[in-house]
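Report on the structure given below.
Taken together, the values in this text are just the output of simple stated rules run on the coordinates, not laboratory data. Computed from a predicted structure; not experimentally measured. Because the Cβ atoms are built from the backbone with ideal geometry, glycine has one as well, and the counts that use them run over all protein chains shown.
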Amino acid sequence: MQKFCQYLFLALSVFIIFTPVVAYADGQTFGEMLDDLAQAEAELEANNNAIQNNENQIDENNATIQSLRNEISAMGKEAEELQQEIVDANAEIEAKKEQTKSLIEYLQLSQGENVYLEYAFGAETVTDLIYRLSVVEQIAEYNDNMVAELETMIQENEDRKVELANRQEEYEQKMVELNNEISSLNSSIQKLDSLGPGLEEQVEAKKSLVEYYRSQGCSNRSDVIGVDCAASTGNAMFSRPMRTGYVTSFIGYRWGSLHRGIDLGSSTGRNTPLYSIGYGVITDIYKDAYGALCVAVQYKYGGEYYTAIYAHMSRYGNIYEGQEVTPNTILGYMGDTGYAFGVHLHLEVWPCRLYVDSECSNWSRYVSFVERQYGNGFRGAESVIAFPSTTYTTWYTK
């Protein structure tokens, strides 16, 4: 059981570390998404079962240890009783030996005054004398036999004590092994417990995706996302990051450098939830050089990857790196952290995978890539999201 749980833990660890998080893109079926959710639920259930099995094994080991302790205690009491029997038998042997010695001395007439001699010479006839001598011999023989029996009993008790000592040592060694196994099982439980939250979050994220696509009309396993359901409308690839808001500043050059993102405001200010513009994967949660709270999300649309950066948040939502997100996922709330003048969202969306693709492998190359894209006519978020063409024109739906 212990080895099985260790293998399961290793398998789960390898899966989590080396299995990429897949963002659903157009062309995948709703059935594939359901299967992915079922697999995540099965992995979570396997992890929970492994924890329960370990806990059951610990309970069983503890019960065995208590049973061994009880047996060791009983053996200790038995050893004490055996030792007392040995002491009593040794005392009785000494008494019998003394008695036999007297009888022998009588029979050999080596002692003039003796109770047995008196007993024998108390006979009134020769027949009685012979009888009494015979009784003395029988008593001596009885004593010899009794001594032999007592010595046999002592030897058996000594052997039993050795056996008990060996068993006690064996049980104590078994207790050590069981305690070591309990420590190992507890360690496995801790590791499995550490996997649990990540697995639970994956399940919840996948459930959220399933519910989102259901809300977009996906119901049959054969439904192709982006074709049969959840089809994009108009020219916009992604949705707006707030339910209601307005543009405060567009992308473009200012003061000699390119302002790479679009700035968005809202009448609800810091309480404005900021949503993912599509379904993707959170690749980074960080503070920039000026202390702005930022989130980077990777998206895939039409076979091309995009990175969106959400900046100046007042606080993060309930998110983590590697999380799969949908347009219903709250990434954080509008703010003015870092180098900002007023509460707003700075949103960048450019067609590359930040810190992954060669043209965006570091921040300097990313900035250069964005400048080239802008020079070629791509306008970042403005090219892939339907924003009003003028500032401070409010929208009321994502």
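Laid out as a table, the results:
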quantity	calculated
Efficiency of FRET from Cβ geometry, residue 39 and residue 367, R₀ 51 Å, rounded to 0.05	0.85
Hz values of 3J(HN,Hα) by residue in region 364-370 - Karplus curve (6.51, -1.76, 1.60), Gly and Pro given as x	4, 5, 5, 4, 5, 4, 4
Ranked packing of 280-290, 199-209, 157-167, most packed first, by mean Cβ within 10 Å	199-209, 280-290, 157-167
Potential lengthening between residue 56 and residue 221 on full extension [0.36 nm per residue; Cα-Cα distance subtracted]	55.5 nm
Highest average packing first - 380-387, 296-303, Cβ atoms within 10 Å	380-387, 296-303
Nearest-0.05 FRET efficiency for residue 211 and residue 288, computed from C-beta distance (R0 35 Å)	0.60
Region 293-298 - phi-based ³J(HN,Hα) in whole Hz, Karplus 6.51/-1.76/1.60, Gly and Pro as x	6, 10, 9, 10, 10, 9
Within-11-Å neighbourhood charge of residue 52 [Cβ basis; K, R +1; D, E -1]	-3
For region 246-384, the spread of Cα positions along each principal axis, largest first, Å	36, 36, 26
Region 167-313: equivalent-ellipsoid semi-axes (sqrt of 5 x gyration tensor eigenvalues, Cα, Å)	48, 25, 13
Extension reserve of the residue 386-residue 77 stretch, reckoned as 0.36 nm per residue once the Cα distance is removed	102.5 nm
Net length gained if the chain between residue 268 and residue 159 were fully extended (0.36 nm per residue, minus Cα distance)	30.4 nm
